[in-house]
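Read the structure below first, then the notes.
The values are calculated or read from the model by the stated rules, or taken from the named source; none is laboratory data. Every value quoted in this text rests on a predicted model; they were computed, and no experiment measured them. Note that we place each Cβ from the backbone using ideal geometry, even for glycine, and neighbour counts take in every protein chain shown.
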Number of protein chains: 2
Amino acid sequence: MSKIKIVEVGPRDGLQNEKEQFSPAARVQLIEKLVKAGLKNIEAGAFVHPKWVPQMQGSDKVLRALHKRQDEGKISKSVRFPVLVPNARGLEDALKVKPKEISIFGASSEGFSKRNINCTIAESFQRFEKVMEIAKANKLKVRGYLSTVFGCPYDGRVPEKRVLKLIEKMLKLGVYEVSLGDTIGVATPRQVSRLLEEVVTQFGAEGIAMHFHDTRGTALANVLESLEYGITIFDSSVASLGGCPYATGASGNLATEDLVYMLEGMRIKTGVKVEELIKIRAWLEKRILRRLPSHVGQAGLPLPGTLN
Amino acid sequence: MSKIKIVEVGPRDGLQNEKEQFSPAARVQLIEKLVKAGLKNIEAGAFVHPKWVPQMQGSDKVLRALHKRQDEGKISKSVRFPVLVPNARGLEDALKVKPKEISIFGASSEGFSKRNINCTIAESFQRFEKVMEIAKANKLKVRGYLSTVFGCPYDGRVPEKRVLKLIEKMLKLGVYEVSLGDTIGVATPRQVSRLLEEVVTQFGAEGIAMHFHDTRGTALANVLESLEYGITIFDSSVASLGGCPYATGASGNLATEDLVYMLEGMRIKTGVKVEELIKIRAWLEKRILRRLPSHVGQAGLPLPGTLN
């Protein structure tokens, strides 16, 4: 294991679940800071109705500003800015600002699908098909999110067989990567190993990303277990942005600085500077009223040279 | 791996590092709740000068009350209540209430030794020798803490060779168990594996306990790595009591409920009921003004049957 891909989800998945709204300009500022920290894959926005997700309003402006900076050479063209689209309508909106990559979002449990994206799992895949058709015609790369793979806040247990079928369906749609989400942060390394044993055997490790939440403190243990199965792609959110909608005060998304701290401490290269992430957290703390629970963000780094 | 020994350090190591002082009666109440939760090894107090550690004042009363409950059959006699003694003087005080087990506490770095126990490492071992002599004469079991094994807040790096020598010295003193502390929570699984590779080869896994702090979010990943080396003894603190004296708001001791949640989720038996620990945290929250950062304590348990 020498190189890891981190998908930074703070500016979309993170901010979407925070009360405070960031202007498009502030989101561009955040994303520029993340680029400076070394992140190469940064979720930049979502093309959803502002009535449902006001936090993502003006995602067109964000993407336009980022592309401009890429054209001016201020941001490398190799940095990717995927945007979430919920359906064909959202994608048509997104196309106006020429994204190079989009994401689609589904669930592994009916309860979460209904409450989160307001349709059944089967219906969500019908939407995805339409989205994929347009995406292919426009030569867009598509990333697939599959949430609640280890458990659902409404349905409880999620059968592994169902998760495996849904991964297969997503891959057949033509996504280049499936991100498996422990949306409510319930998994321990046993669940991770049970699922990945099957996933990696059936689909290989290359196109599989893991998206852990630190709700019950197990996120980095689950990352460690995933590494054993050859997984090299992890989603995380700077400063642990995003919280956890199901428990006040509890941690949500795995913090990017915690992930980078552990991986770099293990001599696994991420290309990301944890000092820069700590600065970004300080910047965010002035703008987000709740306490941002990332561990490294709060504790800071040990004295230089501490780790052997 | 089927059975784990958890050493609950909340009532001593934990409370000692909290501002709020608990009366001896309140500490007995806490310990009774921990017994009810299934914990069998609970640090019950310290015989240190109240000028330095006012929180541990009345540890004699605590131990007397617990022994009385054991005599009355209200607490099983198999439950152990080690108390910390800093030196021969402390042990003489402790002997008045007839402890069955004591702990001694040393550091792997001069900086931490000087600032924390006010003597050099060499001097601390001279003290330990005197303590061990009296302990042997009184047939007490002795547990040894070795702190800052992965890094020191003052000296930074701590050479592995020194840690190995100090473990050897502690074992030669006659302690039945050495607890290796990541006192400032810097280790990642790489450091754990590097050290345990040597430790287990030289001394075996049986008498080695790991004491992790979750300061940088890596505690459970480090537990997972330790399991790989056959370690079966872990220290933890209910509700993550103890904080981290070096960073406000940052997590300190690994929370017992987080440890139990992960281990039980992995089908590794602890004998401890996480639901009871969550109740204890709620009880503590009324008495401790800072936010108690244990993850499971804040998030609660998922729906029954969620984990496969």
Qualifying positions in the range B:19-40 - in contact with a helix residue (DSSP H, G or I) (Cβ under 7 Å, 6 or more places away or on another chain) and surrounded by 20 or more Cβ atoms within 10 Å (Cβ to Cβ): B:22, B:27, B:28, B:30, B:31, B:34, B:37
Given (1) more than 21 Å from residue A:221 (Cα to Cα); (2) surrounded by fewer than 24 Cβ atoms within 10 Å (Cβ to Cβ), residue A:109 misses just (2)
Given B:98, B:77, B:51, which one is of a type in the set (Lys, Arg), free of Cβ contacts under 8 Å to residues at least 24 places away in the same chain and under 24 Å from residue B:176 (Cα atoms)? B:77
In the range A:242-250, is there at least one residue being under 27 Å from residue A:21 (Cα atoms), modelled with pLDDT of 95 or more and either buried (at least 24 other Cβ atoms within 10 Å of the Cβ) or within 7 Å of chain B (Cβ to nearest Cβ) (or both)? no
So, of the residues in the range B:128-161 that are on the phi > 0 side of the Ramachandran plot and not hydroxyl-bearing (Ser, Thr, Tyr), which turns out to be farthest from the other protein chains (Cβ to nearest Cβ)? B:139
The residue from A:271, A:230 that alone is more than 13 Å from chain B (Cβ to nearest Cβ), under 15 Å from residue A:8 (Cβ atoms) and not in a helix (DSSP H, G or I) is A:271
For residues that are in contact with a helix residue (DSSP H, G or I) (Cβ under 8 Å, 6 or more places away or on another chain), not in a helix (DSSP H, G or I) and not acidic (Asp, Glu), scanning just the range B:1-16, find the one that is farthest from residue B:183 (Cα to Cα). B:1
Residue set B:267, B:291, B:216; condition under 22 Å from residue A:278 (Cβ atoms), surrounded by fewer than 21 Cβ atoms within 10 Å (Cβ to Cβ) and basic (Lys, Arg); output residue B:291
Residue check, residue A:163 within 27 Å of residue B:300 (Cα to Cα), modelled with pLDDT of 95 or more and either surrounded by fewer than 23 Cβ atoms within 10 Å (Cβ to Cβ) or acidic (Asp, Glu) (or both): yes
Among the residues of the range A:191-226, write down those that are touching a His at 6+ places or on another chain (Cβ under 9 Å) and either among the basic types (Lys, Arg) or away from chain B (no Cβ under 14 Å) (or both). A:216
Applying the selection to the range B:287-300, what residues are part of a loop (DSSP other than H, G, I, E, B) and either at pLDDT 95 or above or in contact with an Asp or Glu (Cβ under 7 Å, 6 or more places away or on another chain) (or both)? B:287, B:288, B:289, B:292, B:294
Looking at residue A:113, is it farther than 27 Å from residue A:278 by Cα and of a type outside the set (Asp, Glu)? yes
Those residues that are of a type in the set (D, E, K, R), within 14 Å of chain B (Cβ to nearest Cβ) and under 15 Å from residue A:234 (Cα atoms), I need them from the range A:162-190; list them, please. A:182
Out of the residues in the range B:115-124 that are at pLDDT below 95 and not polar (S, T, N, Q), state the one that is surrounded by the fewest Cβ atoms within 10 Å (Cβ to Cβ). B:115
Answer yes if at least one residue in the range B:273-287 is of a type in the set (Gly, Ala, Ser) and within 18 Å of the chain's Cα centre (by Cα), and no otherwise. no
Test of understanding: among B:121, B:102, which residue is under 21 Å from the mean Cα position of the chain (by Cα), closer than 24 Å to residue B:8 by Cβ and among the aliphatic types (A, V, I, L, M)? B:102
For the range A:180-193, does any single residue satisfy the condition of being touching a Phe, Trp or Tyr at 6+ places or on another chain (Cβ under 9 Å), surrounded by fewer than 18 Cβ atoms within 10 Å (Cβ to Cβ) and touching a residue at least 12 places away in the same chain (Cβ under 8 Å)? yes
Restricting the first residue to the range B:35-48 and requiring it to be at negative phi, which pairs with a second residue that is aromatic (Phe, Trp, Tyr) meet a Cβ separation below 7 Å and a spacing of at least six or different chains? B:42/B:81; B:44/B:81
Considering the range B:81-100 alone, what residues qualify as being crowded, with 18+ Cβ neighbours inside 10 Å and not aliphatic (A, V, I, L, M)? B:81, B:82, B:86, B:87, B:90, B:99
Any idea which of (1) within 29 Å of residue B:260 (Cβ to Cβ); (2) modelled with pLDDT of 95 or more is the one residue A:139 doesn't satisfy? (1)
In this structure, is residue A:305 within 8 Å of another protein chain (Cβ to nearest Cβ), surrounded by fewer than 24 Cβ atoms within 10 Å (Cβ to Cβ), over 21 Å from residue B:252 (Cα atoms) and more than 18 Å from the chain's Cα centre (by Cα)? yes
How many residues are in contact (Cβ under 8 Å) with a residue 24 or more places away in the chain, basic (Lys, Arg) and away from every other protein chain (no Cβ under 14 Å) when one looks only at the range B:277-296? 2
